[in-house]
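The values are calculated or read from the model by the stated rules, or taken from the named source; none is laboratory data. This one's a predicted model, so the numbers in the text were calculated from it and none came from an experiment. Here the Cβ positions follow ideal geometry from the backbone for every residue, glycine too, while neighbour counts run over all protein chains shown.
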Amino acid sequence: MKKLLIPILLFCLVSCVETSTQEVEHPISYPALIEELAEMAKVDQEVQMNFLQRLNDVPEEILAQKRDSVFQANGERCKEIFRSVGFPGIDSVGEEGAQNFWLLVQHSDYDPSFQKKVLEAMKKQVDRKNASSEDYAYLYDRVRVNAGEKQWYGTQLMHAENMWAIPKPLGDSLSVNERRKAIGLESIEAYLNGYMEMHFEMNAAYYESIGAKEAFAYELEE
């Protein structure tokens, strides 16, 4: 039977240094940093997809080592950037650049204390509308999960034994959609359905082997 692949969120869905979280007051002024972040994010996604898709019959442990090596190298570079400019918001590196920095930090799970420092600095930029509130929600949940705490927005997922996607432990689950809506996220049901659709497409052979002809889906409220 084909081995089941369980994606790590790509929004992924994002480490301990002495640093300043002072806000950057300049207009977009780091073109070289924009390009560097774009290239780092590109490599991040390439190693992530290689690991998830298990291409070219490369052993899983080798793919995991490559992915983790890239994630850590990117994380160390992000620490240098963070020491220099704090969280690089939209006015510093543009919307895509700010999201690329967030993505790299999101994948820096090897250093949760760094992720927490970035989260605190990012909140200031979100309050200034200089960073994505949706991205902030993902990093907020990531930091809490990495600390062994319950997440708040339901962005971090796992699979139940029957392969339905479910949130990792979630605080006040009855109000999660209210919190998600307030920060600009779609409903938890729609989010889970999108994830399961992606998982179905990436693991078509496995689902065929268990007789599933389409992705699982939660019922959406009208």
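Provide a single number: the residues in the stretch 173-192 that are in contact with a Phe, Trp or Tyr (Cβ under 8 Å, 6 or more places away or on another chain), surrounded by fewer than 17 Cβ atoms within 10 Å (Cβ to Cβ) and more than 22 Å from Asp127 (Cβ to Cβ).
1
So, restricting to helices (runs of 4 or more DSSP H) that lie completely within the stretch 175-222, which ones have at least 2 residues that are at pLDDT 90 or above?
Correct list: 176-183, 188-202.
With respect to Leu63, determine if the residue is at pLDDT 95 or above, assigned to a helix (DSSP H, G or I) and over 24 Å from Lys168 (Cα atoms).
Values: at pLDDT 95 or above: no; assigned to a helix (DSSP H, G or I): yes; over 24 Å from Lys168 (Cα atoms): yes.
Judged against the criteria, Leu63 is not a match.
Checking Arg142 against (1) within 19 Å of Glu120 (Cα to Cα); (2) outside the structural domain of Gly97 (by TED's automatic domain parsing); (3) charged (D, E, K, R), which single condition isn't satisfied?
Evaluating Arg142 over (1) within 19 Å of Glu120 (Cα to Cα); (2) outside the structural domain of Gly97 (by TED's automatic domain parsing); (3) charged (D, E, K, R) leaves (2) as the failure.
Please go through the stretch 39-60 and pick out each residue that is surrounded by 14 or more Cβ atoms within 10 Å (Cβ to Cβ) and not in a helix (DSSP H, G or I).
Of everything in the stretch 39-60, just one residue is surrounded by 14 or more Cβ atoms within 10 Å (Cβ to Cβ) and not in a helix (DSSP H, G or I), namely Arg54.
Run Leu119 past the list (1) touching a Gly at 6+ places or on another chain (Cβ under 9 Å); (2) assigned by TED's automatic domain parsing to the domain that holds Glu96; (3) aliphatic (A, V, I, L, M) and report the number of the one that doesn't hold.
Among (1) touching a Gly at 6+ places or on another chain (Cβ under 9 Å); (2) assigned by TED's automatic domain parsing to the domain that holds Glu96; (3) aliphatic (A, V, I, L, M), the lone unmet condition for Leu119 is (1).
Out of curiosity, is Gly75 more than 23 Å from Asp127 (Cβ to Cβ) and modelled with pLDDT of 95 or more?
The answer is yes for Gly75.
With the structure loaded, tell me whether Ala121 is crowded, with 19+ Cβ neighbours inside 10 Å, within 14 Å of the chain's Cα centre (by Cα), of a type in the set (Gly, Ala, Ser) and more than 22 Å from Ala64 (Cα to Cα) or whether it fails that test.
No: the conditions fail for Ala121.
Return the only residue of Ile166, Ile183, Ile188 being under 24 Å from Met49 (Cβ atoms) and either assigned by TED's automatic domain parsing to the domain that holds Met49 or of a type in the set (A, V, I, L, M) (or both).
One residue alone meets the criteria, Ile166.
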